[in-house]
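To start, the structure under review is shown below, and the notes come after it.
The values are calculated or read from the model by the stated rules, or taken from the named source; none is laboratory data. What you see is a predicted model, and the numbers here were worked out from it, not measured in a lab. Glycine also receives a Cβ, built like all others from the backbone with ideal geometry; neighbour counts cover every protein chain displayed.
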């Protein structure tokens, strides 16, 4: 019996030793495979960089959809205890760039739309319809003739307006020429000292066109599954700073599965003409209008919007 126990012990030790060796071999094999994968990934990135540097079209787009709904029934902590609320928003950023050795043609478009609804069931005069919350439309086209690898003589056309409410009222159309700096494939800086800012509006308004300088900085890049786009568009009027304006938008999209992921966008803007126009409309709507606002008295507040939700990368 003692001999049998000793034999079984040696057999167990043998199996344990083989199992241990097998685990070590598997770990070694796994390490070698990971090293091979890392090497292949590096080679693939190198090939992709060479492909990106070739002349031709670069196209892409990504967007974000966000929304939520809520309902209340006899929720007396609220001013409207019987109500429902909902909001939905969508943003799309797209580009189509033709990059050649001696020239480039860069085109981009941004659309951000959002609606909100608050239905007070106890108020028969309350509107159950969705109201516009965010309404942004921007399209631009930049042509450049290269002077060097990073500098080019360029011409820009950029149009900004709203498309749900008051289309082209106001609308801004910039035409200008100057120079463009492209230190990297992803960053474009436009410097146009000769630019005319056409402002379209209906009726007797405060909006006015003027000559000035245009500066645009655009950064677009993909970091793995993260897509990033940042755009600053600034117009400085030579006539008066009251006619100047700037808009800065930022979009982020992170892909989780087959193009679907999370997206976030926010935008900032300063525009004294829009601030004054809005102040005049609010003053006229008062039961007893006060002194008419002017450029000197209007509070040019910082405008902003943001959107968070599901995203889809094309």
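Residue check: is residue 211 part of a strand (DSSP E or B), under 26 Å from residue 105 (Cα atoms), without any contact (Cβ under 8 Å) to a residue 24 or more places away in the chain and touching a strand residue (DSSP E or B) at 6+ places or on another chain (Cβ under 9 Å)? Against the criterion (part of a strand (DSSP E or B), under 26 Å from residue 105 (Cα atoms), without any contact (Cβ under 8 Å) to a residue 24 or more places away in the chain and touching a strand residue (DSSP E or B) at 6+ places or on another chain (Cβ under 9 Å)), residue 211 does not qualify. Could you please let me know if residue 255 is within 30 Å of residue 279 (Cα to Cα) and surrounded by 19 or more Cβ atoms within 10 Å (Cβ to Cβ)? It is false that residue 255 is within 30 Å of residue 279 (Cα to Cα) and surrounded by 19 or more Cβ atoms within 10 Å (Cβ to Cβ).
Every condition in (1) touching a residue at least 24 places away in the same chain (Cβ under 8 Å); (2) within 30 Å of residue 228 (Cβ to Cβ) is met by residue 299 except one, and the failing one is (2).
One line per residue, one yes/no per condition, for (1) more than 20 Å from residue 166 (Cβ to Cβ); (2) in the same structural domain as residue 64 (by TED's automatic domain parsing); (3) touching a residue at least 24 places away in the same chain (Cβ under 8 Å); (4) crowded, with 16+ Cβ neighbours inside 10 Å:
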position	(1), (2), (3), (4)
81	yes, yes, yes, no
89	no, yes, yes, yes
99	yes, yes, yes, yes
104	yes, yes, yes, yes
109	no, yes, yes, yes
116	no, yes, yes, no
120	yes, yes, yes, yes
123	yes, yes, yes, no
135	no, yes, yes, yes
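Note on the range 109-160: residues that are in a strand (DSSP E or B), at pLDDT 95 or above and farther than 23 Å from residue 60 by Cβ amount to 4. Per this entry, residue 272 is not counted among residues that are more than 21 Å from residue 209 (Cβ to Cβ) and in contact with a helix residue (DSSP H, G or I) (Cβ under 7 Å, 6 or more places away or on another chain). Count of the range 156-173 residues, restricted to those that are in contact (Cβ under 8 Å) with a residue 40 or more places away in the chain and within 21 Å of the chain's Cα centre (by Cα), is 6. The single residue among 233, 244 that is crowded, with 18+ Cβ neighbours inside 10 Å, touching a residue at least 24 places away in the same chain (Cβ under 8 Å), in contact with a strand residue (DSSP E or B) (Cβ under 7 Å, 6 or more places away or on another chain) and over 17 Å from residue 154 (Cβ atoms) turns out to be 244.
Scanning the range 179-190 for residues that are farther than 14 Å from residue 158 by Cβ and either surrounded by 17 or more Cβ atoms within 10 Å (Cβ to Cβ) or in contact (Cβ under 8 Å) with a residue 60 or more places away in the chain (or both) yields a count of 2.
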